[in-house]
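Undergrad: Before I ask anything, here is the structure I am working with.
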Amino acid sequence: MADPTKLSVEKALEKIRQRDEPKSENSRLDEKTDALNEEIKRMRAQRLRLERQGKRD
């Protein structure tokens with residue numbers, strides 16, 4: 001008779017995938033956050049350039 005604590009290969013892989021999913025979701029969110037932060041930096045720099053240009057006119 002099989003040992004009840006042993007998992008089938010399919011069930012073991014499913015458990016591993018479930019554990020990996022939150023990490024991949026977090027890394028996707030981190031990438032989105034990084035992209036948004038870069039966009040904010042770009043927009044701030046653009047605003048400063050426009051403000052400086054407006055003062056010259």
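Read the figures in this text as sums done on the coordinates, not as results from a lab. Quantities reported herein were computed from a predicted structural model and do not represent experimental measurements. FYI the Cβ positions are ideal-geometry reconstructions off the backbone, even for glycines, and counts take in every protein chain you see.
Undergrad: Stick to the Cα atoms of the chain, pair each with every other, and give me the Kirkwood hydrodynamic radius in Å at one decimal.
TA: Hydrodynamic radius (Kirkwood, Cα only) of the chain equals 15.8 Å.
Undergrad: Which is farthest toward the positive dipole end of the stretch 18-57 among Gln53, Leu36, Ser24, measuring Cα position about the Cα centre, with Cβ charges +1 (Lys, Arg) and -1 (Asp, Glu)?
TA: Gln53
Undergrad: Per residue of the stretch 37-53, what does 6.51 cos²θ - 1.76 cosθ + 1.60 with θ = phi - 60° give for ³J(HN,Hα)? Whole Hz please, x for Gly and Pro, Karplus curve as stated.
TA: Going residue by residue, I get 5, 5, 5, 4, 4, 5, 5, 5, 4, 5, 4, 4, 4, 5, 5, 5, 5 Hz, with x marking Gly and Pro.
Undergrad: Within the set of other residues whose C-beta is less than 12 Å from the C-beta of Asn37, count the net charge using Lys and Arg as +1 and Asp and Glu as -1.
TA: -1
Undergrad: If the only charges are +1 at each Lys and Arg Cβ and -1 at each Asp and Glu Cβ, what is the size of the charge dipole of the chain around the Cα centre, to the nearest 20 debye?
TA: Taking the Cα centre of the chain as origin, the dipole is about 540 debye.
Undergrad: Run the quick spin-label model on Glu14 and Arg28: label points 7 Å from Cα toward the beta carbon, then report their separation in nm to one decimal.
TA: Output for this residue pair reads 2.1 nm.
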